[in-house]
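One structure is given below, encoded as structure tokens.
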Amino acid sequence: MSAERKVIQEQMRRVLLKDYLVQESARAGFGGLDITRTPMGTRVTLICERPGILIGHRGELIKRLTEDIHARFQLDNPQIEVQEERSPSLNAQLMSEKLASTLERGWHFRRAGHSTVRRIMEAGARGCQVILSGKLTGERHRTERFKAGTIKYCGEAVHLWIDKGFYQARLKPGAIGVNVWIMRPTAKLPDEIVVKGVADRPRPAPVEISTPEEAAVVPPVPDAEAPDTS
């Protein structure tokens, strides 16, 4: 088998594994996935909002999930590690799932989109963007975009500081795609320049500037002393 085919098969396996884990950890709040090859096997790191639901009593559910992954995807000695998401409002995948669930409960798409953007920005994000695409109001497909703060679309800043999440809301008219982009609070953009040493310089003393009313008032001239005639 050529190297190109091996790379394609490995990427396909990762995509199928992610889809499977998204379905299995829906109740726990799937927040992300990281697959790492180690000398001992394959380490799968799951980020969840409620890890206790995924682990189960005495780890029974996580053991069963490990056996299913080994049988379905032929991974070498899979080891699943579950981590709790400390800031769910800054996780794009979690916010896309919550927004899809909100739409399925009957919320209007504009109200749900603005509410999600407000929640993300209040959590401290530098910027966020929510894109809803599908049959939102009628039979015709349309796309609505909700944005706040700063968002980058290309360059190194996208790979370093932008977190992306996608989920589908299944409604009666059809499926609605939910895309959420979040710029992390720690993002440092290349166009932001900080001059060192400026904050340490002494500041000039403030100069009091008189108002036009004060300048119009002429101080009285003191009377000259009367000459002594004695």
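Below, the figures for the structure above:
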| quantity | calculated |
| --- | --- |
| Estimated [θ] at 222 nm from DSSP helical runs (n ≥ 4, -39500 (n - 2.57)) normalised by residues in the chain, nearest 500 | -10500 deg cm²/dmol |
| Cα gyration tensor category, rounded, prolate or oblate, for the stretch 88-183 with a/c compared to 1.5 | prolate |
| Fluctuation leader among Val178, Val130, Val44 - the chain, Gaussian network, Cα springs under 10 angstrom | Val44 |
| Answer label, with Cα extents along the principal axes in Å calculated from the coordinates and candidates [x] 56, 38, 27; [y] 127, 51, 43; [z] 47, 47, 33 | [y] |
| The stretch 150-203: chymotrypsin sites (Phe, Trp or Tyr not before Pro) falling in loop per DSSP and having at most 10 other Cβ within 10 Å | Tyr153 |
| Note, ³J(HN,Hα) from phi for the stretch 161-174, Karplus 6.51, -1.76, 1.60, rounded to Hz, x at Gly and Pro | 10, 9, 10, 10, x, 9, 8, 10, 9, 9, 10, 5, x, x |
| GNM result for the chain, Cα springs below 10 Å: residue of Met121, Met12, Met183 fluctuating most strongly | Met12 |
| Whichever lysines have a C-alpha closer than 16 Å to that of Lys172, once near sequence neighbours (fewer than 8 apart) are set aside | Lys135 |
| Given 11 as the ceiling on other Cβ atoms within 10 Å, longest exposed-site-free region of the chain for GluC sites (Glu not before Pro) in DSSP loops | 1-138 |
| Over 23 Å between alpha carbons, listed pairs Lys63/Lys98; Lys18/Lys63; Lys152/Lys188 | Lys63/Lys98 |
| Within the chain, longest stretch clear of exposed trypsin sites (Lys or Arg not before Pro) (DSSP loop, no more than 13 other Cβ within 10 Å) | 28-85 |
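No value in this document is a laboratory result; all are computed from the given coordinates. Everything quoted here is computed from the prediction, not taken from an experiment. Cβ coordinates were reconstructed from backbone atoms using ideal geometry, including for glycine residues, and neighbour counts include every protein chain displayed.
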